[in-house]
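> I am attaching a structure below and will ask some questions about it afterwards.
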Amino acid sequence: MNRLAPLAASLQRGEPIEIDGALFDMDGTIVDSIPAVEGAWQIWAAEHGIPAPTATMHGKTAQAVVRASGLAVAEQARAEARLAEIEARPGQRLRSLPGARALLDALPDGRWGVVTSAAPTVAVARLQATELPAPAFRVTGGDVTESKPAAEPFLLGMRHLADRGHAGVVIAFEDTVAGATSATAAGCLVIGVLGTDTRAQLEGCAHVVVDSLERIRVEHSRDRLLIRIS
């Protein structure tokens, strides 16, 4: 965290900092989908006759959830496909979290993306259900070999930004320890957002913690992109 410590300190003082791009977790960060996620887990676990996954699995891929369930290896591929099917089922009541739409609308096109552990079909379904702006790119659980808290998901997100010419400071928004740990390991400046894990938990792995995305302010002029905490 040392390289980014001065920027984090500026944010904590309410001062603007210049960034090159932003990466957002989806579930629990911009989309209020934690009840939907846990509901899907309960349906899936009941079908397989096993205990439902615990809250420690938030932020992890369906593959990681299945592997942690104790199901036999021979059953895991089918179980993973079934979990993705349940999570993408139609009729779920989802909404964007406070401040999410205003923040995403304020960011220039091509300067932000979504990094989620959800399966590709689930990510598309949930973002469409909330009618949030479409990201320039998505990194999903299907794009990586290692789930959060490994660095790979956010490293891939940063690569997408770099391919668009934005290879400097990247800020990441996360609501879970697994996600914040992943983003920090990838070299992002991490803002933890309360809602899933506690402040104490997030403070151990994020540079800054806020209670809502409503506190984030964006300014941009030509190529300069500034962000601050109100």
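The values are calculated or read from the model by the stated rules, or taken from the named source; none is laboratory data. Since this is a predicted model, take the numbers as computed values, not measurements. Positions of Cβ are generated from backbone atoms using ideal geometry, with glycine treated the same way; all protein chains shown enter the neighbour counts.
> Under 6 Å between Cβ atoms, which residue pairs at least 6 apart in sequence (or on different chains) link something in region 89-107 that is within 18 Å of residue 210 (Cα to Cα) with a partner that is small (Gly, Ala, Ser) and assigned to a loop (DSSP other than H, G, I, E, B)?
98/212; 99/212
> So which residues in region 58-88 are under 11 Å from residue 118 (Cβ atoms), touching a residue at least 60 places away in the same chain (Cβ under 8 Å) and among the hydrophobic types (A, V, I, L, M, F, W, C)?
Correct list: 62 only.
> If I go through region 104-142 residue by residue, how many of them are in a helix (DSSP H, G or I), closer than 29 Å to residue 79 by Cβ and small (Gly, Ala, Ser)? Before you say what the answer is, go through the steps one by one.
Initially, region 104-142 is screened for residues in a helix (DSSP H, G or I), giving 104-106, 120-130, 141-142.
If we keep only those that are closer than 29 Å to residue 79 by Cβ as well, we get 120-130, 141-142.
If we keep only those that are small (Gly, Ala, Ser) as well, we get 123, 125, 129, 141-142.
Here the count works out to 5.
> So, one more: Within region 143-216, which helices (runs of 4 or more DSSP H) (wholly inside it) include 1 or more residues that are touching a residue at least 40 places away in the same chain (Cβ under 8 Å), among the β-branched types (Val, Ile, Thr) and crowded, with 17+ Cβ neighbours inside 10 Å?
Filter on region 143-216 gives 177-186.
> While we're here: Being closer than 15 Å to residue 169 by Cβ and among the basic types (Lys, Arg) is the filter here; which residues of region 203-230 pass it?
Once the filter is applied, which keeps residues that are closer than 15 Å to residue 169 by Cβ and among the basic types (Lys, Arg), region 203-230 yields 224, 228.
> Follow-up. Which residues, taken from region 12-57, are over 20 Å from the mean Cα position of the chain (by Cα) and either outside the structural domain of residue 213 (by TED's automatic domain parsing) or buried (at least 17 other Cβ atoms within 10 Å of the Cβ) (or both)?
Result: 17, 42, 43, 44, 45, 46, 47, 48, 49, 50, 51, 52.
> Quick one: residue 75 ticks every box in (1) within 19 Å of residue 209 (Cβ to Cβ); (2) over 18 Å from the mean Cα position of the chain (by Cα) except a single one, so which number is it?
Status for residue 75: all satisfied but (1).
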